[in-house]
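First comes the structure, then the notes that go with it.
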There are 2 protein chains.
Amino acid sequence: MGEAERAPAPGPTLVIVGGVAAGMSAAAKARRCHEEAHIVVFEKGPAVSYANCGLPYYLGGVIRRRDDLLVTDPEFLWQRFRIEAKVGHEVVDIDPAGRTVKVRDLAGGRTFCQPYDKLVLAPGAEAVVPSIPGRELPFVFTLKTLADTDRLAAFLAEQQPRRAVVVGGGLIGVEAAENLVHRGIEVAMVEFLDRPLAFLDGEMAAVVAAHLQAKGVALHLGERVVAVEEEGGVRLASGRRLETDLVIMAVGVRPNLELARKAGLVIGDAGGVLVDEYMQTSDPHILAAGDCVEKTLVVTGKRQLLPMAAAANKEGRAAGANAMGRRIAVRPYAGTVIVKVFDLAVAATGLAEEAALREGFSPVVSYVLEGHHAGYYPGAKLLRLKLVADQQSGRLLGAQAVGEAGVDKRIDVVACAIANHMRAEDLLDLDLAYAPPFGLARDPVIVAGMQFQNAMRGEWQPVSPRWLADRLASGAGEKDKDLQLLDVRTAAEVRRTGVLHKSARHIPVDELRNRLAELAPDRETVVYCAVGLRSYVAARILAQRGFTNVKVLAGGTLSWPHALVR
Amino acid sequence: MGEAERAPAPGPTLVIVGGVAAGMSAAAKARRCHEEAHIVVFEKGPAVSYANCGLPYYLGGVIRRRDDLLVTDPEFLWQRFRIEAKVGHEVVDIDPAGRTVKVRDLAGGRTFCQPYDKLVLAPGAEAVVPSIPGRELPFVFTLKTLADTDRLAAFLAEQQPRRAVVVGGGLIGVEAAENLVHRGIEVAMVEFLDRPLAFLDGEMAAVVAAHLQAKGVALHLGERVVAVEEEGGVRLASGRRLETDLVIMAVGVRPNLELARKAGLVIGDAGGVLVDEYMQTSDPHILAAGDCVEKTLVVTGKRQLLPMAAAANKEGRAAGANAMGRRIAVRPYAGTVIVKVFDLAVAATGLAEEAALREGFSPVVSYVLEGHHAGYYPGAKLLRLKLVADQQSGRLLGAQAVGEAGVDKRIDVVACAIANHMRAEDLLDLDLAYAPPFGLARDPVIVAGMQFQNAMRGEWQPVSPRWLADRLASGAGEKDKDLQLLDVRTAAEVRRTGVLHKSARHIPVDELRNRLAELAPDRETVVYCAVGLRSYVAARILAQRGFTNVKVLAGGTLSWPHALVR
């Protein structure tokens, strides 16, 4: 391209800081809104608009060519959009009164000033590295940017590490673990909390933990790394030491706020740049988008950080349009997340049960454990779906799902339902696509709606595993006049798996009508089976035969996170 | 089970006619609502609650064992639910005043009267057989019930037919065709309309037609069978004759209304039993559910027949509960359908473009053709998604999708959006699950929302293939002052595929800014590319450079249903 072509455009100057998801979306949308604008993007890294979410899969060899990660380049952006995309350029300072940014050309070392009419901040987030001794050692990595990935890929190729420790069991942590295992590396994962993927409730996360272990990942839960040791190891808070050739720090990310602070922008309580629904910051000439800004959640109405690529794209688009005088709003988020964990898809949207409790709701739960499509059609995979609603208002609060197939579909449907403030029981009225290869005549989402309708109308009273575990732990079931635990599975199932608790009484559902005399109708009764269907049938029998307080363990033995007993 | 156990229950008597999806759902739900009710189900066929939707796959050998189709049996229903399920029992008459039905035991020949307090009619629908000569020949079959299937399975095993004609290109027709091909049978399909799967718009159905042909199904569209000939053939209205060893009549189903008529129930204009949202018929003691009743659609508010298993299950549940004094409403349906066509999933919800036109809407369309997940992650399959909105109100009207993967997910999300009366552009705010193995940072549903937002705000003016084809067919583009058709693909693409129309002018999008002088800014201009993205970029350039009437062909050459020209 000739310099002549790059003569200053007659329109306003839009400067964008950051050229990945939010920044490039803003630039392209701005051009579509204003053909005459002068649009400049400064990206400090070596590439614009690369596939950030693909980085772990490139390391694992699932994505084979680095070029596949590069969605576009400055040459193309100029040709197609007349966008000046300057890689290796870091914006180091900002003068909001004078409306200029100071830019350093990292290769040339030159620093220059760039004036703007509108500025879009899209600097993203950076990986957090805990302040522990050894964090600077050459075998310690983060996995956030393309530059991180290049460094790690080179290390993997040159050093051929045999063992790795992944610090953090969040999204990046589990993706890193899976991809290192694909390369034949022995992986240990250290997570401070009691579970991987803390957006899940405990009993759902337990399924993920078991799967990680089955795939060879050594899990160290409730543990913290206190030092990385030069000779190749990490020291844990418990005193334990793990030998390793490689450490990946994946404890989370935090917004890049340096420029926002220099510009005096208001930072919100959740620790991100505060923007209104038009992505406008507290400075009338500055917008912000992507991982650096706080987002509002539908269910709680609260702001929080949500460093997700889809959000960054959408916000960048709105910021680019609004910088050019349009008015595009970004609405509150359901809060949806999905991650592949080896053979499993694991996803959630809205609030988990524990989060709902923390937010002051009265959660009622629904579990559906079924094939992801009709069981009589070959290839059905077990799908675990847990939904959470608010008992008071009947409102749908959230969903979690784990399974080999069909997970993303159900979570997306619930995300749409949450966006529309649906009542949980109204899920049963959804007209979802059914044919045997694709679903069930009663889709799990619809079954959940039926369960909620029954719960809201008092036809049954589901209790969650955490509720029952707490009751049993505090001694319920020990005494004859206390909680009566009833297992209605077949004798064969009980023989095979044991029962939930030593106090459990076993009466198969099909014998229940003839054996009612063995139970005390005035005692609090909790019925369970493997999943929840037979126990619901049993509970309806009991409730209509004079039992005054009958509860059902939602999710049954298959969702019970503790060991069964003989 | 002893006769003693079957002593009359002390509660009300609920009689249910039909023991498949709706009927058995009603029976089981009624029991959960009323432990003391006397519940009797009469099913004229040989089995209750079998997997109706699995029948074609059993014939194709995909489902190997007939037993897999049998979900339950009378013995189990008695043990678990105290439901008397009487197979081989046909209800032949009804006395609504006396509240009795007359039942014939088909095996014994005995006829008896059964009184009821409440009656649920769930007789389903029956296959329509056209009144043509030869319809009674032994190699002519329908494929609706288990009995049909048993008869056809025996024929296939004994006669080993080499050729088959499937009459009808609807859901059952394409499922039958696929499964016969799986058995190595040569299949011809005769369809009266110009396309298979008439719920699709023409250009979407064209993809399905091409796939059927690629899989070896000989398509005879716009053709009608006028006779079946004893020596093994069918005669078409065009005079053509197809030799065959087997004919499957799959031209549709119609509600079984005989009993409803005998009871004097009101039949609706759409030809089904008229019920309110509680599944109550015009007789206070009779409810009806499933394929025999008319359903209300969300988008049009009109009633129509919708013989779908998921609806039958849901309505049966409501009818069973309401017969026992509950109040469970069934809300309007989005109108969702999905079918497997060899390697493709084909689905739709709400209204297609042509249906929207017929209903008096001003449809605006959106096409997204993309991988079903991130392109840089291996295994992405092309997904074609078409959405339809109303230009006046901005309301989302419907969606169609065709592809090897990800079809059901997008249709279910749109079905949920339709149930919530969403505006089409608000789809862009959905927070859908994204990670590279599962989706795209900009999910096709979100991209469609963006397209609609742009359309509603006048940022672009998409036109559908049918609109452009009509214009071109009426001579537009012929004269210099008329429609200006602009192809903005690369030279290589144009060389490979040809252009849409001989009048098309070719300027690659990246050269457009420098070649504007070659175009007339005051002429009506339609821009196209392969899908719609580059043409959108081009249209924005033109609109901002003084072109006054710029349209974009939605879906591009890849959604163009006609042959391209050189």
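The values are calculated or read from the model by the stated rules, or taken from the named source; none is laboratory data. Just so it is clear, the model here is predicted, and its values are computed rather than measured. Heads up, the Cβs are rebuilt from the backbone with ideal geometry, glycines too, and the neighbour counts pull from every protein chain shown.
Overview of values
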{"read-out": "Selected residue (criterion: nearest to the other protein chains (Cβ to nearest Cβ)) from residues of the stretch B:515-558 that are hydroxyl-bearing (Ser, Thr, Tyr) and closer than 26 Å to A:PRO10 by Cβ", "value": "B:TYR536"}
{"read-out": "Selection from the stretch B:514-536 of residues that are part of a helix (DSSP H, G or I) and either at pLDDT below 95 or buried (at least 21 other Cβ atoms within 10 Å of the Cβ) (or both)", "value": "B:LEU533, B:ARG534, B:SER535, B:TYR536"}
{"read-out": "The stretch B:59-100, residues that are at the interface with another protein chain (Cβ under 10 Å from one of its Cβ atoms) and acidic (Asp, Glu)", "value": "B:ASP67, B:ASP68"}
{"read-out": "Given (1) part of a strand (DSSP E or B); (2) of a type outside the set (Asp, Glu); (3) touching an Asp or Glu at 6+ places or on another chain (Cβ under 6 Å), number of the condition A:LEU485 does not satisfy", "value": "(3)"}
{"read-out": "Residue check, B:ALA374 within 8 Å of another protein chain (Cβ to nearest Cβ) and modelled with pLDDT under 95", "value": "yes"}
{"read-out": "Qualifying residue in the stretch B:365-382 (condition: under 18 Å from the mean Cα position of the chain (by Cα) and either over 29 Å from B:ARG303 (Cβ atoms) or not aliphatic (A, V, I, L, M) (or both))", "value": "no"}
{"read-out": "B:ILE267, sole failed condition from (1) free of Cβ contacts under 8 Å to residues at least 24 places away in the same chain; (2) under 28 Å from B:MET422 (Cα atoms); (3) among the aliphatic types (A, V, I, L, M)", "value": "(2)"}
{"read-out": "Total residues in the stretch A:422-456, condition at the interface with chain B (Cβ under 8 Å from one of its Cβ atoms), farther than 17 Å from B:ILE338 by Cα and either assigned to a loop (DSSP other than H, G, I, E, B) or in contact with a strand residue (DSSP E or B) (Cβ under 7 Å, 6 or more places away or on another chain) (or both)", "value": "1"}
{"read-out": "Matching residues, the stretch B:457-510, being within 25 Å of B:MET204 (Cβ to Cβ), of a type in the set (S, T, N, Q) and in contact with a strand residue (DSSP E or B) (Cβ under 8 Å, 6 or more places away or on another chain)", "value": "B:GLN461, B:SER464"}
{"read-out": "Qualifying positions in the stretch A:457-470 - outside any loop (DSSP other than H, G, I, E, B) and either in contact (Cβ under 8 Å) with a residue 24 or more places away in the chain or within 22 Å of A:ALA374 (Cα to Cα) (or both)", "value": "A:PRO462, A:VAL463, A:PRO465, A:ARG466, A:LEU468, A:ALA469"}
{"read-out": "Residue satisfying condition, being at the interface with chain B (Cβ under 9 Å from one of its Cβ atoms) and buried (at least 24 other Cβ atoms within 10 Å of the Cβ), within set A:ALA389, A:ALA399, A:ALA352, A:ALA345", "value": "A:ALA345"}
{"read-out": "Matching residues in the stretch B:530-566 - criterion: being within 30 Å of the chain's Cα centre (by Cα) and hydrophobic (A, V, I, L, M, F, W, C)", "value": "B:ALA530, B:VAL531, B:LEU533, B:VAL552, B:LEU553, B:ALA554, B:LEU558, B:TRP560, B:ALA563, B:LEU564"}
{"read-out": "Selection from the stretch A:484-514 of residues that are of a type outside the set (Ser, Thr, Tyr) and within 14 Å of another protein chain (Cβ to nearest Cβ)", "value": "A:VAL488, A:ARG489, A:ILE507, A:PRO508, A:VAL509, A:ASP510, A:GLU511, A:LEU512, A:ARG513, A:ASN514"}
{"read-out": "Subset of the stretch B:151-169 (residues that are assigned to a helix (DSSP H, G or I), in contact (Cβ under 8 Å) with a residue 40 or more places away in the chain and not polar (S, T, N, Q))", "value": "B:LEU152, B:ALA153, B:PHE155, B:LEU156"}
{"read-out": "Among (1) more than 14 Å from chain A (Cβ to nearest Cβ); (2) surrounded by fewer than 23 Cβ atoms within 10 Å (Cβ to Cβ) - the single one B:GLN304 does not satisfy", "value": "(1)"}
{"read-out": "Residue check, A:VAL234 in a loop (DSSP other than H, G, I, E, B) and under 28 Å from A:ARG195 (Cβ atoms)", "value": "no"}
{"read-out": "Matching residues, the stretch A:275-301, being surrounded by fewer than 24 Cβ atoms within 10 Å (Cβ to Cβ), free of Cβ contacts under 8 Å to residues at least 60 places away in the same chain and not in a strand (DSSP E or B)", "value": "A:ASP276, A:GLU277, A:TYR278, A:SER282, A:PRO284, A:GLU294, A:THR300, A:GLY301"}
{"read-out": "Residue list for the stretch A:170-195, restricted to those being outside any helix (DSSP H, G or I), under 22 Å from the mean Cα position of the chain (by Cα) and touching a residue at least 60 places away in the same chain (Cβ under 8 Å)", "value": "A:GLY170"}
{"read-out": "Count of residues meeting criterion [in contact with an Asp or Glu (Cβ under 8 Å, 6 or more places away or on another chain) and on the phi > 0 side of the Ramachandran plot] in the stretch A:320-376", "value": "2"}
{"read-out": "Residue satisfying all of: in the stretch B:6-48; surrounded by fewer than 24 Cβ atoms within 10 Å (Cβ to Cβ) and of a type in the set (Gly, Ala, Ser); farthest from the other protein chains (Cβ to nearest Cβ) among these", "value": "B:GLY45"}
{"read-out": "Filter result (at the interface with another protein chain (Cβ under 7 Å from one of its Cβ atoms) and either more than 25 Å from the chain's Cα centre (by Cα) or more than 23 Å from B:THR296 (Cβ to Cβ) (or both)) within the stretch B:409-421", "value": "B:LYS409"}
{"read-out": "Options A:VAL166, A:VAL129: the member that is touching a Ser or Thr at 6+ places or on another chain (Cβ under 8 Å) and not assigned by TED's automatic domain parsing to the domain that holds A:VAL40", "value": "A:VAL129"}
{"read-out": "Inter-residue pairs, beta-carbon under 7 Å, first within 15 Å of A:LEU558 (Cα to Cα) and in the stretch A:484-498, second in a strand (DSSP E or B) and among the acidic types (Asp, Glu), 6+ apart", "value": "A:VAL494/A:ASP487"}
{"read-out": "Residues of the stretch A:99-112 that turn out to be under 14 Å from A:VAL17 (Cβ atoms) and part of a strand (DSSP E or B), as a count", "value": "5"}
{"read-out": "Meets criteria (without any contact (Cβ under 8 Å) to a residue 24 or more places away in the chain and either among the aliphatic types (A, V, I, L, M) or part of a loop (DSSP other than H, G, I, E, B) (or both)) for A:ARG64", "value": "yes"}
{"read-out": "Residue tally, condition part of a strand (DSSP E or B) and not hydrophobic (A, V, I, L, M, F, W, C), over the stretch A:342-390", "value": "10"}
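Yes/no per residue for (1) at pLDDT 95 or above; (2) touching an Asp or Glu at 6+ places or on another chain (Cβ under 6 Å); (3) of a type in the set (D, E, K, R):
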{"residue": "A:THR142", "(1), (2), (3)": "yes, yes, no"}
{"residue": "A:ARG163", "(1), (2), (3)": "yes, yes, yes"}
{"residue": "A:GLU175", "(1), (2), (3)": "yes, no, yes"}
{"residue": "A:VAL190", "(1), (2), (3)": "yes, yes, no"}
